[in-house]
Amino acid sequence: MSHSRGLRVASLAVWGFLLLWGVPSVSAGAPAPGAAKKGACGAMAPGVEALLKPDSLVVFAELSGTAQSPRFLGEVVCQALAQGVPVRVGLLLPMEDQRDLEDFLAAGDVPDGPAAMPRGWFWGSTTRYWKGAASEAMYQLLRRLRELRRSKAPLEVFAYNTLDTPSAERMSTQARKVQAVVDASPGALTLLLSNRVFARTAKGLPTDAEFRSMGWHLAQAKRPMTALRLSHTGGSFWGCLEADVCEVHLIPGTGRGASPFVRLEASPDAEGFHGVFHVGALTASRPAVEEMYRRKKVATEASAAELRARAEAAYKARRYADCGRLYEEASRVESPEQGQDAYNAACCHALGKDTDAAFSMLRWAGDLKHDDWFHMQRDPDLAILRPSPSWRAKLEQVRFNLKHPWVLTGGNPKLVDLMLEEQNDWYGAEEGLPIDEAQVVPRSEKRRAEVLRMLEPGKGKSPSATDYLLATHVFLLGNSVEDARKARELAARAMAMDDEDLDAPMLAATAEDRELKARGKPQRFGTQRHQVEGQWRLYPVDPKTTDAEREKWRLPSLEELKREAEDPSPPASSP
């Protein structure tokens with residue numbers, strides 16, 4: 001799964017660089033507008049009509065990585081066509097991909113997926129700039145232009161950017177391409193989507209007094225031309241402001257007003273812009289390929305969820321053959337619950353006395369890294385399988401899935417075994433499952449003593465941070481003040497050896513709370529719960545502890561801890 005690093009405000013220095021050069025950010029696109037059906041237009045924004053003139057050129061200097069600029073462009077295209085003005089749309093795509101662009105615009109509807117995406121190097125590139133430029137928003141803009149073309153509108157779309165070309169040569173090459181389209185299209189309105197550096201008509205930049213932009217070259221032709229700078233009220237954009245780090249950022253506004261408009265000025269500003277096009281609030285637009293796979297994932301998981309719901313209903317109705325079949329279908333759909341679905345299918349088949357199918361699905365659950373070894377040993381749904389010689393092998397496969405990640409991160413296999421045995425002995429104790437303490441307590445004491453012997457200096461290989469975490473888990477299940485104190489000490493050693501480990505601070509905080517609870521004092525963080533009149537409640541918490549302090553120990557807020565404490569849900573199990 002991925003995370004997101006979330007939103008953050010770009011620094012003024014980095015943001016200034018982005019506005020100045022434009023290229024490192026992403027070329028924006030737009031979500032599919034609601035008015036895209038067969039080219040229907042929305043309401044015309046104030047000031048747009050002044051742009052809709054034959055034999056003229058309008059350049060929109062967008063902020064890459066947002067949805068609004070291409071949406072605005074799409075609406076201007078629609079309004080011009082509605083007034084009978086032929087339109088030529090220039091996009092900052094590689095000229096090398098023009099044929100693939102034409103194929104996409106001429107194609108019919110294709111179900112959402114890789115086949116629906118435009119072909120060409122541009123859309124498949126993973127480089128920083130091009131990956132961003134090929135955004136979901138640009139893809140949706142192309143879809144709208146395709147719909148307008150299907151209505152037989154006099155509309156052409158062309159690419160005017162170049163690949164791997166030095167800056168000065170790139171500017172003149174872009175201008176020549178645009179000028180050639182203008183010359184070949186008398187009576188047409190040419191609309192370009194560009195960026196602030198390329199679109200400016202004034203000569204020079206703060207870093208290069210001799211810089212001649214595409215807009216500067218076009219302005220030398222002395223033909224009707226309007227260059228518009230983006231205005232907005234702030235919001236978010238998707239961009240690459242650090243090497244190999246592309247994400248959503250926040251940006252403050254440059255103008256006022258929630259609704260779009262165009263305002264032309266009496267004379268160009270210092271950068272050579274003749275006015276602004278205002279789009280209101282900005283929203284980020286991510287790469288189209290990533291969004292396509294995200295949609296596919298959402299649809300796939302929704303399909304699995306629907307199968308899961310039907311399977312659960314069949315389980316409750318004791319239609320075990322249907323339950324097994326439906327959970328098995330769900331387990332073939334890639335989702336976070338795939339392994340649990342396979343396990344549940346095995347339970348249903350076992351209840352239906354189809355032991356071959358049950359063992360087959362247990363094997364599949366193991367292949368999917370299902371690791372609920374503790375519950376599997378006790379699950380009544382699998383009772384029919386336990387006398388079989390195959391049962392032990394399936395149980396060991398699931399235990400391996402539970403053990404192996406610890407070993408991979410440097411854990412001593414024997415310490416992993418001791419931790420799993422300890423957790424298995426006490427499994428379900430808090431939920432009220434029966435525990436034979438006369439048998440379990442002596443085994444626990446013996447394990448804790450063995451753990452300490454293994455951690456002694458000179459007893460073979462020096463313990464790793466993972467070893468100290470494993471030992472912490474063993475001592476956390478003890479009920480004495482001394483056990484909790486030792487768990488806290490062991491977690492502290494793990495933290496000292498690996499300050500990036502996310503589990504060690506949580507375990508140390510949990511150990512401190514268990515020690516305080518064992519001493520009859522309020523806990524510090526809020527990791528412990530107890531029963532009050534048959535209901536789970538958070539054990540009393542020291543009110544001086546803040547959520548900011550909890551965050552330092554990798555813990556959620558007190559409110560979240562309270563919700564978790566009062567959750568009556570039993571451990572994960574079969575249906």
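Each reported figure results from applying straightforward, stated rules to the coordinates on display, with no laboratory input. Source: prediction; values computed, not measured. Because the Cβ atoms are built from the backbone with ideal geometry, glycine has one as well, and the counts that use them run over all protein chains shown.
In table form, for the structure just shown:
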{"read-out": "In degrees, nearest ten, helix 68-82 long axis to first principal axis of the chain (Cα)", "value": "40"}
{"read-out": "Listed values (i) 31.9, 96; (ii) 23.9, 72; (iii) 27.4, 93, entry calculated as Rg and Dmax of the Cα atoms in Å", "value": "(i)"}
{"read-out": "Residue-averaged 222 nm ellipticity for the chain, from DSSP H runs of 4+ at -39500 (n - 2.57), nearest 500", "value": "-14500 deg cm²/dmol"}
{"read-out": "Gyration tensor (alpha-carbon) shape descriptor, the stretch 54-287, a/c threshold 1.5", "value": "rounded"}
{"read-out": "Among Val407, Leu307, Gln340 the positive-end extreme of the charge dipole of the stretch 291-409 (Cβ point charges)", "value": "Val407"}
{"read-out": "Solitary cysteines of the chain, where the nearest other Cys Cβ is not under 4.7 Å", "value": "Cys347"}
{"read-out": "Cα centre as origin, Lys/Arg/Asp/Glu Cβ charges: the stretch 490-575 dipole, Debye", "value": "460"}
{"read-out": "Size of charge dipole - the stretch 400-461 - debye, nearest 20, with Cβ of Lys, Arg +1 and Asp, Glu -1, no other charges", "value": "520"}
{"read-out": "Across Lys53/Lys222; Lys369/Lys403; Lys521/Lys562; Lys446/Lys486; Lys152/Lys177; Lys521/Lys544, pairs whose alpha-carbon gap is larger than 21 Å", "value": "Lys152/Lys177"}
{"read-out": "Loop-resident sites, the stretch 466-549, for GluC sites (Glu not before Pro), counting at most 10 other Cβ within 10 Å (DSSP)", "value": "Glu500, Glu533"}
{"read-out": "The stretch 291-409: C-alpha gyration tensor shape, a/c 1.5 cut-off, then a/b vs b/c", "value": "oblate"}
{"read-out": "Principal-axis tilt of helix 320-331 within the chain, Cα atoms, nearest 10 degrees", "value": "50"}
{"read-out": "Residue exposure sequence - Thr173, Thr527, Thr66 - by fewest surrounding Cβ within 10 Å", "value": "Thr173, Thr527, Thr66"}
{"read-out": "In degrees, nearest ten, helix 136-150 long axis to first principal axis of the chain (Cα)", "value": "50"}
{"read-out": "Local electrostatic count at Arg493 - Lys and Arg +1, Asp and Glu -1, tallied over other residues with Cβ under 14 Å", "value": "-4"}
{"read-out": "Zone of Lys53's modelled label, taken as backbone nitrogen in the stretch 189-205 under 14 Å from a point 7 Å along Cα→Cβ", "value": "189-190"}
{"read-out": "Rounded, prolate or oblate (a/c below 1.5 giving rounded, otherwise prolate when a/b exceeds b/c) for the stretch 402-469 by Cα gyration tensor", "value": "oblate"}
{"read-out": "Charge dipole (the chain, unit charges on Cβ, about Cα centre) - positive-most of Gly366, Met138, Phe72", "value": "Phe72"}
{"read-out": "Cα extents of the stretch 322-366 along the three principal axes, largest first (Å)", "value": "28, 20, 11"}
{"read-out": "Gain upon complete extension [Arg519, Ala496; 0.36 nm per residue less C-alpha separation]", "value": "5.6 nm"}
{"read-out": "Total charge dipole magnitude, the stretch 54-287, about the Cα centre, Cβ charges on Lys, Arg, Asp, Glu only, Debye to nearest 20", "value": "500"}
{"read-out": "Distance in nm between pseudo-label sites at Ala221 and Ser390 (7 Å out along the Cβ direction from Cα)", "value": "7.4"}
{"read-out": "Lysines with Cα under 19 Å of Lys316, excluding same-chain neighbours fewer than 8 positions away", "value": "Lys353"}
